[in-house]
Amino acid sequence: MPSPTHSENLENRLGIPLRSRAPSGWPSLEPLEIVPITSTFPLECLPDSLREFVVAAAEVVDVDVNYVAVPAIVAISIAAAGRFTYDVGTHVEQAVLWCLVLGETGERKSPVLQAVMRPIEEWDKSEIEKLAPAFRASAARSCIEKDRLKALQSQATSAKHPEDRERARKEAEALAANQGETLHLVPLILQDLTTEAAIQHMGRNHGRLVVASAEGGLFLNISGRYSDAPNVDAFCQGYSGESIITNRVGRPPDVVPHPAVVIAQIIQPAVLRELKAKQHLRQIGFLARFLCVVPTSRLGRRLLPDPEVQDARRERLQNAATEYGSVLKEALGQKPFEAPPPPTTILCSSEARAVWRRFSDAVEVRLPKTGDLYDVRDWAAKLPGHVVRIAGALHVYELGSAAFMYEISGENMRRAVTIGEYLIGHALAAFALIESEQLTLLAERIVAWILRNRIERFSTKRCQQNLRVKSEVITAALEKLADHNFIRKVEQEQRDGPGRKPSAEWMVRPDLAVRLERIGEESASLNSRNPALHQPGGGTRPETASLNSLNAPALSAGDGSRRRPSRELPAPQSEPLPDVEEPRVELDAEEQQRLRRLESAFDDVEGLEESP
């Protein structure tokens, strides 16, 4: 008899098909939503010292390298923003880059961002300390000039003799004409601000602004936290380098001739998914400006190493961070005291332009309705521009302040193209997470409710009462499940006469309802060997037995799936469970993705047991 396949092993263990063998009369299951599995960042495309920092930081923090690599490239763009532009032949791209890294709670997003941005923050603090005396002197002169101007204006109107009034008027006009703008010493990096505050900050910081955060406050602000209408124009202008000119009643106009805004956000997908202005931000191209990354989660696999190993890793990171920081600080140069000159344009070599044109054409043919990038065409249309900016960032990292003296090489453009191809899969995954429909989420809750209560047949009314959702919404979700072959509507006899029509009846496909019985039997056998379950306070509800069996050792790290410890089974109090030899289950990429979706559904069903 042939041995079972990996997929069959997993199905037998869970009792729920991941790659369904359809029962007689039922079509195959169709997934409610497919989120592409993302790839690992191509580390070979980074300069040696940058690659060493990315690997060392990911190792110490114990996160996927995808968390570190793209934010590090964005950090390089901070050194170039407002100073350089890149000419690719057809047009000129700014040096600004934005990144959006999506990770769930507990993924150590803040330590990653701190490690990447630390050299920029150290440089900014040092430059502020050096320039502080000059700024204080400038502020003192400004105060003196204002007081002198106020006194002259008073004399010009109240002096007794006409010649005194005329002399005061001329002096006041001359002083006002030569009065310099008040200078402000402001930090480069901020975490949370409104669009109006961003414009004011750029005006005081020669157009430059960096918004780096692991909390998502920026998106809440711009989508209408303090107003009903989202306003992102200033940020978009800071991305494209367009001059900002605003005029508000009661205050002088704000003019920013060369804005340069860099944004680095490492946040949870739910922050964007629940934004009331999400569709508007997508339609105006705001979200399309981000380099999107969906790293692989390491939750459940972050075992602490031996102290000697951890010390060695920290030493490696310290050395790598020193080199990475010195390169960034040299590229940053000096913080300007007064407005710097317009950005210098760096040309792309003929080889780099040829490489870029081939990539741009290859992306363009994938944008129509028949192409695989149609669903993210807003983002993909900007991808060739992103690639030019990435090539420029690699160029600046290699040459520092001397970058303007040389052309961007074909090799750096090829590296940037490879990174751009890597970003495509991550963008597909990111927008799938952001755009998850509420109807799909409700359909997943219904499946979890069916499984938890071992339901084979139910009515729309019963489902609505237990999930406490409006009837029209629950009906739409049930029809979606029927379209994907999870359930089937039962034909009912037409009843004539007065009275309300009976609620629609639904039949659950057998391989969802029947196989769960086998899980319950296996869990009951397992629970009977656990003495803790027979002691006071150690019982387990029958309807949770099937959930407990999903936490079996066969799904431990190493097979690509995420294992969560059981929330229901307490630890043994008298004697440990005997070791049971479990077959090792190897999952392919599709099975891993479906298992993650199933586990996520079970995580969301606390309290979904049917009312007695």
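Estimated from the Cβ-Cβ distance and a Förster radius of 51 angstrom, the FRET efficiency linking GLN114 and ASP372 is about 0.90. Close amide H contacts of ILE346 (hydrogens built in the peptide plane, cut-off under 5 Å, sequence separation of 5 or more or a different chain): THR85, TYR86, ASP87. Ligands, DNA and RNA are left out, and with a 1.4 angstrom probe the accessible area of region 73-190 is 51 Å² per residue. Using R0 = 41 Å, the C-beta based FRET efficiency linking ARG141 and GLU315 works out to 0.25.
Other residues lying with their Cβ under 13 Å from the Cβ of THR90 contribute a combined charge of -2, Lys and Arg counting +1, Asp and Glu -1. Neighbours of PRO340, meaning other residues whose beta-carbon lies under 13 angstrom from its beta-carbon, give a summed charge of +2 when Lys and Arg score +1 and Asp and Glu score -1. Net length available on complete extension from ALA362 to ALA174 is 61.6 nm, with 0.36 nm assigned per residue and the Cα-Cα distance removed.
Once the Cα-Cα distance is subtracted from the 0.36 nm per residue extended length, the ARG167 to GLN279 segment shows a gain of 34.2 nm. Suppose the Debye formula is applied to equal point scatterers at every Cα of region 41-149; what is log10 I(q)/I(0) at q = 0.16, 0.17, 0.21, 0.23 Å⁻¹? Normalising to I(0) and taking log10 leaves -0.85, -0.91, -1.14, -1.25. A crude spin-label estimate for the pair SER297 and GLU411, with each label 7 Å from Cα along the Cβ direction, gives 4.1 nm.
Site pair LEU441 and GLU308 shows an inter-label distance of 4.9 nm when each label is modelled 7 Å from Cα along Cα→Cβ. Relative protection proxy for 371-378, 393-400, from highest mean packing down: 393-400, 371-378 (other beta-carbon atoms within 10 angstrom).
Counting Lys and Arg as +1 and Asp and Glu as -1 over every other residue whose Cβ lies under 10 Å from the Cβ of ALA156, the net charge comes to 0. Taking amide H positions as modeled 1.01 Å from N, with prolines and chain starts lacking one, no residue 5 or more places away or on another chain lies under 5 Å from ALA277.
Counting only heavy atoms of protein chains, what accessible area per residue, in Å², does region 390-449 have with a probe of 1.4 Å?
Values: 1880 Å² over 60 residues.
Dividing the accessible area of region 390-449 by its residue count gives 31 Å².
Using the Cβ-Cβ distance between ALA159 and ASP192 with R0 set to 41 Å, the FRET efficiency from 1/(1 + (r/R0)^6) comes to roughly 0.20.
Taking the alpha carbon gyration tensor of region 331-480, multiplying each eigenvalue by 5 and rooting it gives semi-axes of 51, 19, 12 Å, largest first.
The values are calculated or read from the model by the stated rules, or taken from the named source; none is laboratory data. Just so we're clear, the structure is a prediction, and the values are computed from it rather than from any experiment. Using ideal geometry, Cβ is built from the backbone for each residue, glycine included, and neighbour counts are taken over all protein chains shown. All accessible areas refer to the heavy atoms of the entire protein, side chains included, with ligands and DNA or RNA removed. Shrake-Rupley method; radii C 1.70, N 1.55, O 1.52, S 1.80 Å.
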